[in-house]
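In what follows, a structure is listed as structure tokens, so that the remarks can point back to it.
The values are calculated or read from the model by the stated rules, or taken from the named source; none is laboratory data. The model shown is predicted, which means the values in this text are computed figures rather than measured ones. Heads up, the Cβs are rebuilt from the backbone with ideal geometry, glycines too, and the neighbour counts pull from every protein chain shown. Protein only, heavy atoms only, side chains kept; ligands, DNA and RNA dropped before computing areas. Shrake-Rupley method; radii C 1.70, N 1.55, O 1.52, S 1.80 Å.
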Amino acid sequence: MTTGPGVGPLDDSFVWPGSVDSRAVGYIEGDLGGANRRDVEAWRALRILPRVLRDVTRVSTEWQHDGLTFASPILVAPWASQTFVHPEGEKATSHGAASAGVPFVLSSNSATRVVDLPADGAPFWSQLYVPPRREDILPYLKASQDAGALGFVVTVDAPTVPVDFSFRSPIRDIAPPSVNFRDGVMPAVAADLSVADFAWIHEVTGLPVLAKGVLAAEDAAMLVEAGVDGIIVSNHGGRQLGAVVTTSSVLASVAGAVAGRAPVWVDGGIRSGEDVFRALALGASAVLVGRPAARALVEGASGVEAVLDELRVQLHTAMTMAGAATLADISRSHLAS
Ligand code: FNR
């Protein structure tokens, strides 16, 4: 591992400034069994097969979703307690994403209440964990709806929190006052989550509901058949199960099972515009970034904007070099088999 000045937020050798508590850094960078590192390496190992003689006079990274147009298909992933990194926390993330022209996903364990998100911030989805007593989530659903959330992202890969793992425990002492993180412990999560919960959230709110943390094609097919509005292929950034598969290795099979019936997004180890290109070639329509956005937040909103812009520009270059003028032009034929 190399360290040193000039290592930016897309680099896993990023050097955190002393202003961020080392326990928070340990929490943010926490990686069970090197699962996140394997994700990073697996994307990098996928070779792009450039296609030539395609008209790339005008290349556009624009992403259309649900009638909205964004500058790129790159979202900030939901990550908890952002005031660990910057006093403006989620507000700065929202402003940074807005300046970069992309949306973000608000963590239900955010340090900022959904009602306190800036009115001039970016469009967002509200992430949530379904609690054992379903009605406990109703105020959050209502507040999110009132604040203009585009929809909900239900995280399905955390029926329990591996609290015994060392990187999470130290933050109990430093957790900022937060919506759900007030006592420094995660709220309980339902261990009996089912497709009925998705239908219920959709019924209560009338908004789209996506499932985050799907890795098996059969699970994706079951969710889509039950009417879920989107699948996010994710292993929670390697923070739940050390031996978990890489997201890049299962993405194509999940996308195949979904077969265009719902959008498929992916996260975990995305560190460059070429990684975004690889993800789209394997069937994703958008990607999310967690740790790069967390590191960028050291610089506040402008840092978040800069890292999202950098990824967009890198994606633009990859598309131009590989012969894809629009996101729709990126296909499996752009990857070496
Ligand atoms: C997360 N992640 C996460 N996911 C979620 O659904 N709800 C949450 O509250 C959190 N909290 C959280 C905190 C921190 C510090 C990190 C780093 C991550 C997981 C996150 O949404 C995403 O799946 C991963 O971060 C993607 O991997 P990369 O981009 O960090 O490699």
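Observations
- Summary of packing: across the peptides 263-271, 292-300, 310-318, the per-residue average of other C-beta atoms within 10 Å ranks them, highest first, as 263-271, 292-300, 310-318.
- Cα gyration tensor category, rounded, prolate or oblate, for region 180-337 with a/c compared to 1.5: oblate
- List Thr320, Thr112, ordered by accessible area with a 1.4 Å probe, largest first: Thr320, Thr112
- Of the residues Arg54, Arg278, ranked by 1.4 Å probe accessible area with the largest first, the sequence reads Arg54, Arg278.
- Cβ-Cβ FRET estimate between Ala188 and Lys142, R0 fixed at 22 Å, reported to 0.05: 0.60
- Cα gyration tensor shape of the chain, rounded if a/c is under 1.5, else prolate or oblate by comparing a/b with b/c: rounded
- Rolling a 1.4 Å probe over the protein heavy atoms leaves Ser99 with an accessible area of roughly 70 Å².
- Computed [θ] at 222 nm, helices only, for the chain once each DSSP H run of length n ≥ 4 contributes -39500 (n - 2.57): -10000 deg cm²/dmol
- Segment Leu53..Asp120, full-extension length gain: 19.9 nm, with 0.36 nm per residue of separation and the alpha-carbon distance subtracted.
- Proximal charge balance of Val228 [Cβ under 11 Å; K/R count +1, D/E count -1]: -2
- Largest accessible area first, the listed residues Met319, Met222 line up as Met222, Met319 when surface is computed with a 1.4 Å probe on the assembled protein chains.
- Cα gyration tensor shape for region 204-267, rounded if a/c is under 1.5, else prolate or oblate: oblate
- Amide H contacts of Val266 (H built 1.01 Å from N, under 5 Å, at least 5 apart or other chain): Val233, Ala286, Val287, Leu288
- Within-14-Å neighbourhood charge of Ala217 [Cβ basis; K, R +1; D, E -1]: -2
- Simple spin-label estimate for Asp11 and Met222 in nanometres, 7 Å along Cα-Cβ: 4.4 nm
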